[in-house]
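S.K.: Before I ask anything, let me first share the structure, which is written out below as structure tokens.
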Amino acid sequence: MAAGVQARVVIVARDDALAGPLSEGLDRLGWRTVTARGGYAALAAVADLQIEAAIIDLAEGEEAVALAERLKEACAPRRLPIVGIGQPDPSLELRGFDLTLAAPLHPAQAAMRLETLVRTAVAEEEFELRIETFADRGRSLDVPELEAAPFQVLAIGEPAPQFLALSNALAEQGAQVVGAFTAYTAFDYLHERRFDAVVLWAGENPQEALSIAAGLRRNTRLYHTPAVLYMRPDSYVTASEAYHRGITDVATPETPESETARRVVELARAYRRQTAVRQALESARNSGLMDAATGLFTRDLFAAHLARLAAASKQRNRALSVCVLKVADKPDLAAVRAGGWLARAIPQIGSMVGRLVRVEDTAARLGPDVFALALPATPMGAARAAGERIAAVIGCTAFEAGDGRPPFVVEFDLGVAEVGPGETAGRALEDAAAEAYARKAS
């Protein structure tokens, strides 16, 4: 690892056959890695570095399995997602593993899993903090509970014998499988019902399967739904292409249907857990403590929660950034503002801000047209990118300006700051606000 570069993932493996290609690929994708040859080195890495996740080669047997719980304890109170590479086994969830995947693990596949698992871990930490913040004000939040119903799997593609065999294997694993032979039927099902996983049969036309996967990733409601591509061994589509097109996992008929079914169920279980945490966090909007017009945190509630976030970020050794978004005071908005049309648009603008942030982020309304974001586990560069993305999306929306007047659009003055060592969250928020107002002056 290059000097001065912060590793995000520790790979625990004695054999370079697994660790080498995976480490190199993850490094290229922005998930900087450090390799540990044994348990002691792995424990030292998670204690000293801002490690966000661990990948453990299960080939070492019981020693590797026992390491997961030790790593989680060493990281506490920071939550550490752990992925096991080996035979998928749901029982390992009771031993500290968040997910087990069969080898070989493609770097793009690993990066997608890590992104989801890390954000879920941060969301769980955020939920714990919100429970405390809301309890101080006499409100309680419901603890997320995993749904006990059978996993719902949508199988999309022609009824080839191999695909039907996989559907039967999924049913044996306790999943309820719904078949859709065409993309049109598939999206009808996806819009009408909720599924825990989607299985795509590549068959004679793998590009159609990849197009369906791309459609999932373009839909905000379906974005996180795992998609497994069941691919013919002679397919011209590579695994790398499939992962970069939004596929979560790739399997072939050469793999026993029972193993592929276990992999699908593992993904469905992880997705259901993420969904439960997301819904629990969103329930805060119905607490009665939020800004009535926008559904965002009020100024006082945000200040209290930001202080708690800052203390937790130091305790958990995670980054914390804040972002201020102020409606830019452009000359062409003067008449709109004077006529009250900007004030009428603010509830919609605030609601859009709330929908565009990640579920673990905290969005607040600080003033009539000033919004703030607290972004846990997010360094300054990523926070600025998030703020610019939100500003760009809202900037494409036209708002009503009254009879005889053309609709208007809003731009934002943006300020970002990261809470540094020894710095208070209030000071970082002041710095971000100062940058936003300086942009107004310029």
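S.K.: When only Cα pairs under 8 Å and 6 or more residues apart are kept, what is the percent relative contact order across the stretch 140-214? Provide the component values of the computation, followed by the final result.
M.R.: Values: 80 pairs, mean separation 30.2, N = 75.
Computed over the stretch 140-214, the figure is 40 percent.
S.K.: Going by alpha carbons, how many degrees (0 to 90, nearest 10) lie between the helix axis of 425-441 and the longest principal axis of the chain?
M.R.: For 425-441 against the chain, the angle is about 60 degrees.
S.K.: At 1.4 Å probe size, with the rest of the protein present, what percent of the exposed accessible area of the stretch 81-201 is carbon and sulfur atoms?
M.R.: On the way: 2880 of 5360 Å².
Taking all protein chains in place, the stretch 81-201 shows 54 percent carbon and sulfur surface.
S.K.: Another one. Tilt of helix 380-395 relative to the longest C-alpha principal axis of the chain, in degrees (0 to 90, nearest 10)?
M.R.: For helix 380-395, the angle is close to 70 degrees.
S.K.: What's the extension gain from GLN87 to ARG299 if we count 0.36 nm per residue and subtract their Cα-Cα distance? Provide the component values of the computation, followed by the final result.
M.R.: Details: separation 212, 0.36 × 212 = 76.32 nm, distance 4.95 nm.
Length gained, GLN87 through ARG299: 71.4 nm.
S.K.: Next up: Could you calculate the contour length gain from ASP403 to ALA76, that is, 0.36 nm times the residue separation minus the distance between their Cα atoms, to one decimal place in nm?
M.R.: Working: separation 327, 0.36 × 327 = 117.72 nm, distance 5.85 nm.
Contour length minus Cα-Cα distance gives 111.9 nm.
S.K.: Per residue and in Å³, how big is the convex hull formed by the alpha-carbon atoms of the chain?
M.R.: It comes to 166 Å³ per residue, whole-number rounded.
S.K.: Something else now. Compute the angle between helix 16-28 and the longest alpha-carbon principal axis of the chain, please, reported from 0 to 90 degrees and rounded to the nearest 10.
M.R.: The angle comes out near 20 degrees.
S.K.: While we're on this one: Suppose only helical runs count, i.e. DSSP H with n ≥ 4. What mean residue ellipticity at 222 nm does that imply for the chain under -39500 (n - 2.57) per run, divided by all residues and rounded to the nearest 500 deg cm²/dmol?
M.R.: The helix-only estimate for the chain comes to -15000 deg cm²/dmol at 222 nm.
S.K.: Out of all Cα-Cα pairs in the stretch 334-442, roughly what percent, to the nearest whole number, are more than 24 Å apart?
M.R.: Details: 1623 of 5886 pairs.
It works out to 28 percent of all Cα pairs.
S.K.: Using the alpha-carbon centroid of each, what span in Å lies between the stretch 68-121 and the stretch 404-442?
M.R.: Centre-to-centre (Cα) distance: 37 Å.
S.K.: Ok, one more. For an R0 of 56 angstrom, estimate the FRET efficiency from the Cβ-Cβ distance between ASP188 and ASP48 and round to the nearest 0.05. All intermediate terms of the calculation are to be shown ahead of the outcome.
M.R.: On the way: r = 52 Å, r/R0 = 0.92.
Efficiency, from the Cβ-Cβ distance: 0.60.
S.K.: Mean separation of Cα pairs under 8 Å and 6+ residues apart, divided by the residue count of the stretch 40-98: what relative contact order is that in percent?
M.R.: Working: 63 pairs, mean separation 23.1, N = 59.
Once divided by the residue count of the stretch 40-98, the mean separation gives 39 percent.
S.K.: Counting only C-alpha contacts under 8 Å and six or more residues apart, can you give the relative contact order of the stretch 279-424 as a whole percent? Please list the in-between numbers first.
M.R.: Values: 209 pairs, mean separation 48.4, N = 146.
Value for the stretch 279-424: 33 percent.
S.K.: Same structure, new question: Counting only DSSP beta bridges with both residues in the chain, tell me the antiparallel percent, nearest 5. Numbers along the way, then the final one.
M.R.: Working: 20 of 52 bridges.
Of all bridge pairs located within the chain, approximately 40 percent are antiparallel.
S.K.: Normalised radius of gyration for the stretch 178-333, please: alpha carbon Rg relative to 2.2 N^0.38 Å, two decimal places.
M.R.: Values: Rg = 21.5 Å, N = 156, 2.2 N^0.38 = 15.0 Å.
Taking N as the residue count of the stretch 178-333, the ratio is 1.43.
S.K.: Another question, then. Stokes-Einstein D for the stretch 148-253 at 25 °C, 0.890 mPa s, Kirkwood Rh over Cα pairs, in µm²/s? Mind dumping the intermediate values first?
M.R.: Working: Rh = 13.6 Å.
Answer from the Stokes-Einstein relation: 180 µm²/s.
S.K.: I've got another one for you. With the full set of protein chains in place, find how many percent of the accessible area of the stretch 1-75 is carbon and sulfur; take the probe as 1.4 Å. Mind showing how you got there, number by number?
M.R.: Numbers: 1770 of 3520 Å².
In the stretch 1-75, the share of accessible area belonging to carbon and sulfur is 50 percent.
S.K.: Given 0.36 nm per residue, what is the gain on full extension from GLU62 to ASN317 after removing their alpha carbon distance, in nm?
M.R.: Values: separation 255, 0.36 × 255 = 91.80 nm, distance 2.96 nm.
Here the answer is 88.8 nm.
S.K.: OK, next. On average, how much accessible surface per residue is there in the chain, in Å², for a 1.4 Å probe, leaving out ligands, DNA and RNA? Working shown, then result.
M.R.: Numbers: 19520 Å² over 442 residues.
So the chain comes to 44 Å² accessible per residue, rounded to a whole number.
S.K.: For ASP249, ASP431, ASP142, ASP188, give the ranking by accessible area with the largest first, probe 1.4 Å.
M.R.: Listed by decreasing accessible area, they come as ASP142, ASP188, ASP431, ASP249.
S.K.: Could you look at the stretch 297-442 and say what percent of its accessible area is carbon and sulfur, using a 1.4 Å probe and all protein chains?
M.R.: On the way: 3570 of 6490 Å².
C and S atoms contribute 55 percent here.
S.K.: The stretch 149-176 to the stretch 1-62: how many Å between their Cα centroids?
M.R.: First find each Cα centre; the distance between them is then 35 Å.
S.K.: Using only the alpha carbon atoms of the stretch 295-394, find the Kirkwood hydrodynamic radius as the inverse mean reciprocal pair distance, in angstroms to one decimal. Don't skip to the end; give the middle numbers.
M.R.: Numbers: mean 1/r = 0.0698 Å⁻¹.
Taking the inverse mean of 1/r over all distinct Cα pairs, the stretch 295-394 comes out at 14.3 Å.
The values are calculated or read from the model by the stated rules, or taken from the named source; none is laboratory data. Note that the structure is predicted; figures quoted are calculated from it, not measured. Cβ atoms come from the backbone with ideal geometry, glycine included; neighbour counts cover every protein chain shown. To get the accessible areas, we keep the full protein, side chains included, count just its heavy atoms, and leave off ligands, DNA and RNA. Shrake-Rupley method; radii C 1.70, N 1.55, O 1.52, S 1.80 Å.
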